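The values are calculated or read from the model by the stated rules, or taken from the named source; none is laboratory data. A quick note: this is a predicted structure, and the numbers were derived from the prediction, not measured. Here the Cβ is made from the backbone with ideal geometry for all residues, glycine too, and neighbour counts use every protein chain on show. Side chains are part of the model used for accessible areas, which takes the heavy atoms of the whole protein and leaves out ligands, DNA and RNA. Shrake-Rupley method; radii C 1.70, N 1.55, O 1.52, S 1.80 Å.
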Amino acid sequence: MPLSVRPALVVGVVVCVAACSPDNAVGTRVSAVPVRQQLTSPYPYSYIVTSTSATDLPASLDADVQAAGGAVAASIPQIGIAIVESERADFADVATLNGIESIAPDVPIADADGQAPAAEVADGSDANAITMAGAPPIPAGGDPLSGLQWGLRAIHAPEAWALGYSGLGVRVAVLDAGIQSTHVDLAPNLNTALSASFVPGEAFNAPPGPHGTQVSGIIAAARNNRGTVGVAPNAELVMVKILPASGSGPISRFAQGIVYAADIGARVANISAGTNLPRATRIIVDDRGTPDPGDDVRIKFTNANTIAILRALGRATNYAHSKGVLIVAAGGNLSKDFDHAKSDIGIPQELPHVITVGPTGPLGWALDFDTDLDVRPSYANFGSSYLSLSAPGGNFDVFTRPGLSPSCTLLTFTWPCQVFDIVLTTGLGSNWVWNFGGSFAAPHVSGVAALVFEKLGPSATPDEVESILRRTADDVGKPGNDDFYGHGRVNALRAVTWK
């Protein structure tokens, strides 16, 4: 069984405001940034090689690897990691590499079993539609569609904006699958010069990648009287492409992306992707990123390999933490109890210095704007030792509940009522889309973190910011740290006013 990415759950709802084509005014922001540290070798087997030194690689590594029948495809000397490719399935067993602590298969992040069934929503006019007597008000500091962004209300972002906090001067790296760099809501805040790709043959914005576009909009969609607005509407975005638009790639790219984010001075790194590593021996199939089963590679993966990868990726998160980066990760969509998960471990969620975020969302918000916004979705992973915080990610439980009205009209949009229970954010082109999943909880926390970094200034540490986020979260579950909400649902207003 392949390891699984935990992306958002895609819902086919697209909102067009004015023209759906990219805005010409921001078209010049496209930048042909070259792909960095590509893995270009045709060899079928890839390995993460970890040096005994956590700050360097042996001088003889290239020669030693070549003598063993491989090639160094990329290196991260800052943390003593190299990525090696070989034609040999037994490379890890036969290679004699001086100064090396471990050699482990660079297993794939695949999309086979981490994703709950997608909920397809038809474009909708409906004879039984309910036209609401009123529309949700646009919050102060919001944009035309912000009245539909119930998540901003849930975390009290508008009240934080009213105090003058917007993420100004804070750099947020988004480790994801690319971005629509010309989007009218993203281009003003996107640093194209620093945005980069670790995916062979793909730039950070080509192909653009819907998932990263959506995640980025939640963090820092610009306040520009267009579409939606992000939690930190003046924060700087940097796209660090670690997965192709198709959403599958080697686990080593987590390390590459995290170290890159640290080296460019990011204060927050958002990772809305993840995978599970097995605690016992398992056969993993690497599909090589193609639909052709003929090029699939079968990898025998052991608990020792899991330990080796945990140590290697832990070096990356420790390095980023030491450089002042707060790492925020999505908790995942498998409905799994990670307090009692004996078969596997979550990556990057259970690495050192990672804040893992679970999703929340309303049930029937379009029918009652005062309904509870903090209901735990049934798809969410959980565990008091696993989750740090919770934040809006959308709720789709009502898709399976009978007896609800078939559609509602809010503003000018008529959709099945349950669509309004999920998260509205930026989409491809200059569109806006509704979507849901743990992927969208994490960027709400990343946005609030940017507000706190702005308040505290450049001397703030990740530990200080994390402590404030935990202390000021609303305790919406059982008292104290709990299975479904961690320390609580993040609260932007309380976070920026904490003393």
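So if R0 is 56 Å, what FRET efficiency would D56 and T412 give, r being the distance between their Cβ atoms, rounded to the nearest 0.05?
Working: r = 59 Å, r/R0 = 1.05.
With R0 = 56 Å, the Cβ-Cβ based efficiency is 0.40.
Run through the DSSP bridge list for the stretch 315-442 and note the antiparallel percent, rounded to the nearest 5.
Details: 8 of 17 bridges.
Bridges in the stretch 315-442 are about 45 percent antiparallel.
Annotation for S385 and S335: the two label points, set 7 Å from Cα along the Cα-Cβ direction, are 2.4 nm apart.
Using a Förster radius of 30 Å, what is the FRET efficiency between R471 and L163 based on their Cβ-Cβ separation? Nearest 0.05, please. Mind dumping the intermediate values first?
Numbers: r = 18 Å, r/R0 = 0.60.
So, using R0 = 30 Å, E works out to roughly 0.95.
Straight-line cross-link partners of K323 among the lysines, defined as a Cα under 23 Å from its Cα and at least 8 positions apart when in the same chain: K241, K455.
Rolling a 1.4 Å probe over the heavy atoms of the protein chains gives the stretch 403-499 an accessible area of 32 Å² per residue. The length gained by stretching the chain between D372 and N98 to full extension, at 0.36 nm per residue less their Cα-Cα distance, is 92.8 nm. Label A89 and A304 with points 7 Å out from Cα along Cα→Cβ: what is the distance between them in nm? Simple spin-label model gives 1.8 nm for this pair.
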